[in-house]
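Undergrad: Encoded as structure tokens, here's the structure I'll be asking about.
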Amino acid sequence: MDTNFLDIDKYLDGEMDSSEERDFKNRLQKDPDLSKAFELQKEMRQVYSNDEWKTLDRAVLNTEKAKAIKTYLKSDELAAIKETISEVVSENKSTFSRKSFTQKLAIAASILLISTISYFSIKGNNDLFSTTIQGEYENLPSLVNRSENADELLINGQQYFESKNYKQAVISFSEYQKINSETNSINSLSYIYNGLSYLALDNFSKAIEQFSLLEKTGSLQAKKANWYKVLVYLKQDNKELLKSSLQEITSDSKNYNYGKAKSLLSEL
């Protein structure tokens with residue numbers, strides 16, 4: 001086994017005498033590879049250890065975010081990641097060269113860090129999006145009237161949409177819009193239904209495209225376009241465009257969903 005890693009463990013565990021510690025610190029300053037391996041191993045220990053929590057102020061420990069992080073650190077999901085990394089490190093620590101092992105350790109640390117950050121970023125965004133989107137899909141005006149001439153593609157599209165078959169809904173609405181594009185007689189609500197279908201499928205660019213088309217219709221529904229774009233940017237976690245769209249809506253209290261936009265803006 002590379003003696004450098006033994007020395008790192010010994011130093012971090014406080015098992016060196018004053019002479020060994022002085023010598024190790026000198027080596028850290030002169031050896032970039034050792035210094036990098038030391039920092040990585042120290043970071044890994046911080047991820048695994050709960051000591052950091054004990055040193056924090058109690059008020060910090062009682063925040064919801066701190067509780068959520070502690071819960072995640074104890075979760076089966078993170079435990080599985082840490083176990084896999086431990087197995088890889090244990091199996092290969094004696095055979096890897098120092099440079100190779102440092103690279104592996106860097107990858108392992110990155111996986112842990114990214115998994116933790118991603119968990120909270122995605123969870124936070126999804127929670128806010130879920131709260132904001134509530135009712136948007138259920139409270140849309142019906143596309144289908146009682147006329148015998150109701151477009152079959154619109155009827156099918158709405159049925160697919162209501163049954164949450166968004167892939168088929170997109171097909172129906174897109175075909176409807178294509179057929180009627182030359183006659184300039186497209187029902188503006190189809191842009192909302194189609195845009196929300198694309199949003200449900202995480203096709204953000206297509207969703208924005210639909211809401212931009214809605215904005216150009218000049219209809220009463222066109223005033224809702226900015227709000228629907230907000231939903232896209234929120235789910236996409238595009239903070240810059242999200243904030244810009246919310247500011248545009250809150251610039252005039254007469255804008256659609258002014259109150260919701262103001263509340264959401266205050267949470268960013």
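Undergrad: May I ask which of Lys178/Lys243; Lys178/Lys254; Lys178/Lys260; Lys167/Lys243; Lys167/Lys229 have a Cα-Cα span longer than 26 Å here?
TA: Lys178/Lys243; Lys178/Lys254; Lys178/Lys260; Lys167/Lys243
Undergrad: So how much slack lies between Lys167 and Leu220, counting 0.36 nm per residue of separation and subtracting their Cα-Cα distance, in nm? Mind dumping the intermediate values first?
TA: Numbers: separation 53, 0.36 × 53 = 19.08 nm, distance 2.70 nm.
16.4 nm is the gain from fully extending Lys167 to Leu220.
Undergrad: Is the shape of region 132-193 rounded, prolate or oblate, going by the alpha carbon gyration tensor and its root eigenvalues a ≥ b ≥ c, with a/c under 1.5 for rounded and a/b larger than b/c for prolate? Please list the in-between numbers first.
TA: Numbers: a/c = 1.66, a/b = 1.52, b/c = 1.10.
Cα axes put region 132-193 in the prolate bin.
Undergrad: A further question on this structure: If you filter region 176-243 for GluC sites (Glu not before Pro), then keep DSSP loop positions with at most 13 other Cβ within 10 Å, what is left?
TA: Sparse-neighbourhood loop GluC sites (Glu not before Pro): Glu182.
Undergrad: Rounded, prolate or oblate: which fits region 152-256 when a ≥ b ≥ c are the square roots of the eigenvalues of the alpha-carbon gyration tensor, with rounded for a/c under 1.5 and prolate only if a/b beats b/c? Provide the component values of the computation, followed by the final result.
TA: Numbers: a/c = 2.31, a/b = 1.46, b/c = 1.58.
Oblate.
Every number in this text was worked out from the coordinates using simple rules, so none of it is lab data. Bear in mind the structure is a predicted one, so any value in this text is a computation, not a measurement. Methodologically, a virtual Cβ is constructed for each residue, glycine included, from the backbone with ideal geometry; neighbour enumeration extends over all protein chains shown.
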